[in-house]
Amino acid sequence: MQIIRARNVNDALVKGVELMRAGAVRQASRNGATLEYPEPVCTLYERPAERVLFDKVRDANPFFHLLESLWMLEGRRDVAWLARILPRMADYSDDGKVFNAAYGYRWRNQFSLKAGGGDQLTAIVELLRRDHDTRRAVLQIWDASADLAVNSKDLACNTQAMFKVRDGKLNMLVSNRSNDMVWGCYGANAVHFSVMQEYVAARVGVALGAYRQVSDSFHAYEDTWGKVSDIAGRYEGDPYEQGEVSAYPLAAAPEDFDAELHRWFENPPDALNAAQWEAETKPGAWKNPFFPRVATPMYRALFAFKDKDREGAHAWLDRVAATDWQRAGREWLQRRKER
C-alpha cells in the first residue's frame, strides 16, 4: 500500500498525480480504459476541513460539492432536489426518483439498528460520547442486498467509515472499493466525508483529527486524466497554506444542527432577498450561522447564475462568510464567463 500524506485536498491532488505518473498501469473497466495504481492507496489529510479544491483546469464545482454534502447529512436520496443543483445527476438514478446508493440515506436511514431507527451517525456519536477509547464506531455504507451482483447505475464506491477518538481528536478512515481520483477521491469525496467527519466531531465534542481514505482501486479514466496530469507544472501553491482563505466552522451549536439542517431544507431560500437575508443573520435567528452565512448565499449565488443574473450571483457571493467557498465560487463563475 502507498500512503500519500497531505495537508489538504489541494496538496493531495498534486501528490496523487505524481504517484500515478510514477507507477500507474493501464486497466480496462466497464466505463472505458483507466490508469490504475497497482496497489491500494491511502490518502491522509492532516487538515480535512481544508476541503475546497482550487485547481482551475480540474474545475471542481464548489456549489454542487457543498450543497450535496448537506443533502447527504440530511439523509436524503431523492433525485429531484439534487438534480436542481446539477441536472445530469438524474442520469445515475435507476428510476428517476431516488438513488440506489445515496450515501446520506445509508448513513441515516437504510439500515435498521437495534436501538431503533436507522441513524448510524447519531448512534456513533452516542457511542463515542460514552467511550472515547472505543474501536467499534463503524459506519456501514455497502449494502450487499442493494449492491452485490445488482444491476444498477448507482452502486456504493465507499463501503465503510471508521471513527476513533485519540488525543482529543476524531480520526476517520474511509474504505473505498473503486476511487476515480479526478472526480471522486480529490473532488466529491474530500468534501462529503470531511463534512461528515466535522459533523460527528462537533457532536461528540472533540476536535477534528486526520481523515484517511483507503482506495483499493485508485484510478483515473484516460479521457479525463489530462485534466490533472500536468498539475505539478501549473501549481501555484495552496491558498490555505498561503493564508489567502480559511475554513468556516460547520456546527457552532451541534445539538441544534440536525433540526436547523432540516429547517433549511424544508424552507429553501429560493425567494430570499437581501433584506430577508439580513434578518436571517441577526443573533438568535439561527444557532448555527453556517446556514445563513454560507449555505444560503452559496445556494442563492448558484441559482442567480442559473437565471443568468451574474451580478446577482456575485452579490450573493459577497455575503459568503467562508472565504474558501467564496473564492472557489468566484473562480468557478469567472471560468464560465471566459468560455
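If R₀ is 41 angstrom, what is the calculated FRET efficiency for the pair K15 and A285, using the beta carbon separation as r and rounding to 0.05? If you can, show how the numbers build up before the last one.
Values: r = 42 Å, r/R0 = 1.03.
The formula returns an efficiency of 0.45 here.
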(request) Can you tell me the order of 25-35, 184-194, 66-76, 155-165 when each peptide is scored by its average per-residue count of other Cβ atoms within 10 angstrom, highest first? (result) 184-194, 66-76, 155-165, 25-35
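For each of V41, V14, count neighbouring Cβ atoms within 10 Å of the residue's Cβ, then give the residues from fewest to most.
Working: V41 25, V14 17.
With the sparsest Cβ surroundings first, the list reads V14, V41.
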(request) Indicate, rounded to the nearest 5 percent, the antiparallel portion of the DSSP beta bridges found entirely in the chain. (result) 60 percent
(request) Just report the Cα centroid separation between the stretch 11-74 and the stretch 210-275, whole Å. (result) 12 Å
(message) Cut-off is 10 Å between beta-carbons; in what order do H65, H262 appear when sorted fewest neighbours first?
(response) H262, H65
(message) Quick check: net charge around A220, other residues with Cβ under 10 Å of its Cβ, Lys/Arg +1 and Asp/Glu -1?
(response) -3
(request) Grab every C-alpha pair in the chain, bin the distances at 20 angstrom width from 0 up to the longest one, and report whole percents. (result) 30, 62, 8
(request) Calculate, for K337 and K114, the FRET efficiency according to 1/(1 + (r/R0)^6) with r their C-beta to C-beta distance and R0 45 Å; round to the nearest 0.05. (result) 0.25
(request) Please work out how much length the chain gains when fully extended from T134 to T323, using 0.36 nm per residue of separation minus the C-alpha to C-alpha distance, in nm with one decimal. (result) 64.5 nm
(message) What's the ranking of 204-216, 42-54 by average number of surrounding C-beta atoms within 10 Å, highest first?
(response) 42-54, 204-216
(request) Please report how far the C-alpha centroid of the stretch 96-139 lies from that of the stretch 149-171, rounded to the nearest whole angstrom. (result) 11 Å
(request) Sequence neighbours fewer than 8 away in the same chain don't count; with that in mind, list the lysines whose C-alpha is under 25 Å from K287. (result) K169
(request) Would you mind checking the pairs K227/K337; K15/K56; K227/K308 and listing those with alpha carbons more than 25 angstrom apart? (result) K227/K308
(message) Just want to confirm a number: the relative contact order over the chain, from Cα pairs under 8 angstrom separated by 6+ residues, in percent.
(response) 19 percent
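Taking 0.36 nm per intervening residue step and subtracting the Cα-Cα distance, what contour gain separates H314 from A28 on full extension? Don't jump to the answer; show the numbers that get you there.
On the way: separation 286, 0.36 × 286 = 102.96 nm, distance 4.30 nm.
Here the segment from H314 to A28 would lengthen by 98.7 nm.
Around T43, under 14 Å between beta carbons, what's the net of Lys plus Arg minus Asp minus Glu among the other residues?
Numbers: positive: R5, R7, K15, R47, R51, R212; negative: D11, E18, E39, E46, E50, D180, D216.
Spelling it out: positives minus negatives among the neighbours equals -1.
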(request) Treat the count of other C-beta atoms within 10 Å as a stand-in for reagent exposure and order R234, R203, R7 from fewest to most. (result) R234, R7, R203
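Each reported figure results from applying straightforward, stated rules to the coordinates on display, with no laboratory input. Please read these numbers as outputs of a predicted model, since none were measured by experiment. When we count neighbours, we look across all protein chains shown, and the Cβ atoms used for this are built from the backbone with ideal geometry, even at glycine.
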